[in-house]
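One structure is given below, encoded as structure tokens.
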Amino acid sequence: MRDPITIALTGAGGQIGYAALFRIASGAMLGEDRPVRLRLLEIPQGMRAAEGAALELADCAFPTLAGVELTDDPATAFDGANVALLIGSRPRTAGMERGDLLSANGAIFGPQGRAIGECAADDVRVAVVGNPANTNALIAQQHAPDVPAERFTALTRLDHNRAVGILAAQAGAPVAEIDGVTIWGNHSATQYPDLSHATVGGRPALETVDVEWARGPYVERVARRGAEIIEVRGGSSVGSAANAAIEHVRDWLLGTARPGDPGRRTSAAIVSRGEYGVPEGLISSFPVRSEAGEWRVVEGLSVDEFSRERIDASVAELIAERDAVRELGLIR
Ligand SMILES: NC(=O)C1=CN([C@@H]2O[C@H](COP(=O)(O)OP(=O)(O)OC[C@H]3O[C@@H](n4cnc5c(N)ncnc54)[C@H](O)[C@@H]3O)[C@@H](O)[C@H]2O)C=CC1
Ligand SMILES: O=C([O-])CC(=O)C(=O)O
């Protein structure tokens, strides 16, 4: 067994936390030779549920689980953390305005970002799941000026996996034959699932499925899949969200390359360095690969007029969210 890695997880008493914890503890995220030390951060109302999850973790007797600590103090949770999964957030409730939602989340992600900056390990990597994920990640990042900005990311892996699954079903092909799908922009209804460079069994996806479908109903279906799940299941995506968070961190730390597929890529919301015309500093979804623990945007893909408009629309929403949190004094 290698040295343990410390993983802080917020919202541990919630649904996604519950679905993620057992797989993380079993080695599904970082490998069966890598013990994990879990730090569970909750607010007082969520503490009993997190305690219950911790008892069940003990009952699994995972050889990879090196310890579980519960706390309601961000500084304790992030102390020495190598990975921070920020799942807990303030959901929108009836009558809440957008500004109220952003303020409530600013009050969570600002202090958590600061605690990460002050207490986490030098190699800390942060993945934000709690919505609005991209902007929450931006708020956290802005409160940790001494942590390299690229260590703050937001999850669009669930959107990516949805996009792959729905394409595979339409093409009548196994998921394993799908490659080159990209989610651009915000984890919201404006996101753009792009098949321009996707392939199905090595053939261009846009020669396999109808282009009208790919640029109309498909985009809508992927972007609204969260709402579809809520309608059908009676609750938001939980198992698939936990799975996506685990895959995001796994690919980030261990790399996207696979035997026989060294160029494998995925999508993640990472800090823009101006790639594809996305303003620098925004946390926006891109086509990415990870190598040696660093996400890199896949550059040089052609972007046609349709794609340009869709990317710009989602990026415009991210700019509006950034400007709103700036006006609220939540970031500089
Ligand atoms: N990025 C993505 O792809 C997806 C994101 N989500 C988002 O993930 C978030 C969590 O979803 P669920 O687990 O289903 O919600 P949930 O309501 O079941 O759990 C959230 C937990 O976070 C806790 N929490 C709230 N504020 C906290 C704080 N300041 N520190 C620590 N814990 C805190 C709550 O007490 C609760 O136990 C939501 O914001 C949801 O919208 C959900 C699905 C997909
Ligand atoms: O829409 C929601 O509340 C949850 C979410 O982010 C998703 O399913 O993509």
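Annotation: Arg322 carries an accessible surface of approximately 50 Å², with a 1.4 Å probe and no ligand, DNA or RNA atoms counted. A simple rule links phi to the HN-Hα coupling: the Karplus curve 6.51 cos²θ - 1.76 cosθ + 1.60 with θ = phi - 60°, which for the range 37-50 gives 10, 9, 10, 9, 9, 9, 8, x, 5, x, 5, 5, 5, 5 Hz, with x for Gly and Pro.
Can you work out the FRET efficiency for the pair Ala104 and Ala313, with r the C-beta to C-beta distance and R0 = 25 Å, to the nearest 0.05?
FRET efficiency, Ala104 to Ala313: 0.45.
The range 212-236 and the range 1-48 have their alpha-carbon centroids 29 Å apart.
The C-alpha atoms of the chain define a longest principal axis, and helix 98-119 lies at about 60 degrees to it. Working from label points 7 Å from Cα in the Cα-to-Cβ sense, the Arg23 to Arg332 distance is 3.8 nm.
Look at the dipole of the range 79-224 built from charges on Cβ: of Ile166, Gly202, Asn105, the Cα furthest out on the positive end belongs to Asn105.
In Å², what does the accessible area per residue of the range 169-320 work out to with a 1.4 Å probe? Display every interim value, and only then the final one.
Working: 6840 Å² over 152 residues.
Result: 45 Å² per residue.
Sequence-ordered 3J(HN,Hα) estimates for the range 143-157 from the Karplus curve with 6.51, -1.76 and 1.60 and θ = phi - 60° stand at 8, 10, x, 8, 9, x, 4, 5, 7, 9, 9, 10, 7, 10, 5 Hz, glycine and proline given as x.
How much of the accessible area of the chain, probe 1.4 Å, is carbon plus sulfur, in whole percent? Of all accessible area on the chain, carbon and sulfur atoms account for 49 percent.
The residues of the range 8-104 present an accessible area of 45 Å² per residue when probed at 1.4 Å with all protein chains retained. In terms of its alpha-carbon gyration tensor, the range 5-154 comes out oblate; a/c meets the 1.5 threshold, while b/c is at least as large as a/b.
Each residue of the range 282-296 is assigned a 3J(HN,Hα), and the resulting list reads 6, 9, 10, 7, 9, x, 9, 10, 10, 9, 6, x, 10, 6, 10 Hz, derived from the Karplus form 6.51 cos²θ - 1.76 cosθ + 1.60 (θ = phi - 60°), x at Gly and Pro.
Considering only DSSP beta bridges where both residues belong to the range 5-154, give the percentage that are antiparallel (nearest 5). Walk me through the numbers on the way to the answer.
Numbers: 0 of 23 bridges.
Given both bridge residues lie in the range 5-154, the antiparallel proportion sits at roughly 0 percent.
Surface listing: Val232, Val315 arranged by accessible area from highest to lowest gives Val232, Val315, probe 1.4 Å.
The values are calculated or read from the model by the stated rules, or taken from the named source; none is laboratory data. The structure presented is a predicted model; accordingly, all values stated were derived computationally and were not measured. No Cβ is skipped: glycine too gets one built from the backbone with ideal geometry, and neighbour counts run over all protein chains shown. The area values use the complete protein model at the heavy-atom level, side chains included, leaving out ligands, DNA and RNA. Shrake-Rupley method; radii C 1.70, N 1.55, O 1.52, S 1.80 Å.
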